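Report on the following structure.
Each reported figure results from applying straightforward, stated rules to the coordinates on display, with no laboratory input. A quick note: this is a predicted structure, and the numbers were derived from the prediction, not measured. Backbone-built Cβ (ideal geometry, glycine too); neighbour counts: all protein chains shown.
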Amino acid sequence: MCERCSLGYYGNAQLGRHDDCRRCACPLAEAANNFSPTCEMDSRGGYLCTQCPLGYQGIHCQECAPGYFGNPMIAGSSCEPCECKDGGPCDQLTGQCLRCHGNTEGWRCERCKPAHYGDAQLSDCKPCECDAHGSMDTTQCNEITGQCQCKEKYVGRSCNQCQDGLGNVTAGCVTCQCDAMGSVTSKCDPVTGHCQCHPGVAGPLCDRCLPDHYLFSTTGCQSCDCDIVGSKSLSCDLASGGCDCKDNVIGRTCNTCQPGFWGLSEAGCQPCACDPVGSLHPDRCDAQTGQCQCKPGVEGRACQKCAQLFYGLSTYGCSECDICDKPGHICDPDTGRCVCPPFTEGPDCSRCQPNSWGFAPGLGCK
């Protein structure tokens, strides 16, 4: 009994008509474009292709699936896999790759974009980056090596350097003009034209000392080393290296008080001010402490008073006091007489005077 259609046909075989079963067209009836061996009738009297092969889609296998291209609706045409790198998508009809990576282009992303170079097969194309000053054309370079076409005097893959002995790309690669004394070599930087300077030397041509340096020579320039306390600034004379000293300060680096002064500070040095009577050398004192050199029996920074148990400051110094027989008495520093210490009273000078306090033996009260 003929109750169903043969493979490759669809319809209702039980109606008894000669055209009950019709040939499947998936999508065309021609064998070359009939890609599904089976189909079945749908609820609306149409048909559905049931075995579309890999790469085809649609109810009649009439379209190429994603990742494939072609037009199954044209006799002799089929769906072929996209040939794009990394499995990228292509146009479903033409097969042209839709998304090229790594600065590539072309039907199959097979070449680098203009002004790029590298390996398109690896999706690795880089910009030419031809230097605007040194290149004949900034948009063209060798598609494999990236070498730009250089103007005369320029070298380098990007034509961004000058030939040996030349420098300063932006100025057209001029002859190096390094100062013979201040430069380590006569060659200059092939890009900037700047020379390699000796220590302490500055300038594109190495023709001057750095700030706060002096004595330009074949070995470089020396640091001024001006004393930060004793100098008015850190700069010095370019020839001698002498720093600009504050008041009463001397030395090349301004680190010493001049004779007769002491106490180097932000204000300079202050006068010794030694007492002309009590000091051996009124115009001299220790540069750090300001202590003057005192005559015998004299004390104080400026040698301005008699030491304890001495009296009578004079050009000879101070005289030694006689021993005081009275308990608690001391020698008066002016007269040499035995007297009570300051602000004390009583037979043995052991009591503070009214409105005084803090008794100390031999020193008195306050």
So how far apart, in nm, are the two label points at D189 and L210 if each is 7 Å from Cα heading toward Cβ?
1.6 nm
Could you work out, for the range 1-154, what percent of all Cα-Cα pairs fall into each 5 Å distance bin, beginning at 0 Å and stopping at the bin that holds the largest distance?
2, 10, 13, 12, 9, 9, 8, 7, 6, 5, 5, 4, 3, 3, 2, 1, 1, 0, 0, 0
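Give the relative contact order (percent, whole number) for the chain; include only Cα pairs under 8 Å separated by 6+ residues.
Computed over the chain, the figure is 5 percent.
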Proximal lysines to K153, defined as alpha-carbon separation beneath 18 angstrom and excluding residues fewer than eight positions away on the same chain
K187
Counting only C-alpha contacts under 8 Å and six or more residues apart, can you give the relative contact order of the range 25-110 as a whole percent?
19 percent
For K246, go through the lysines and keep the ones whose alpha-carbon is under 28 Å away, minus same-chain ones fewer than eight residues off.
K232
Whole-percent pair-distance distribution, where bins are 10 Å wide, for the alpha carbons of the chain:
5, 11, 9, 9, 8, 8, 7, 7, 7, 7, 7, 5, 4, 4, 2, 1, 0
Those lysines that a straight Cα-Cα span of less than 27 Å connects to K295, excepting residues fewer than 8 apart in one chain
K305
On each of the three principal axes of the Cα atoms of the range 1-83, give max minus min coordinate, whole Å, ordered largest first.
50, 22, 19
Given a Förster radius of 22 Å and the C-beta distance between Q96 and Q51 as r, what FRET efficiency does 1/(1 + (r/R0)^6) yield to the nearest 0.05?
0.15
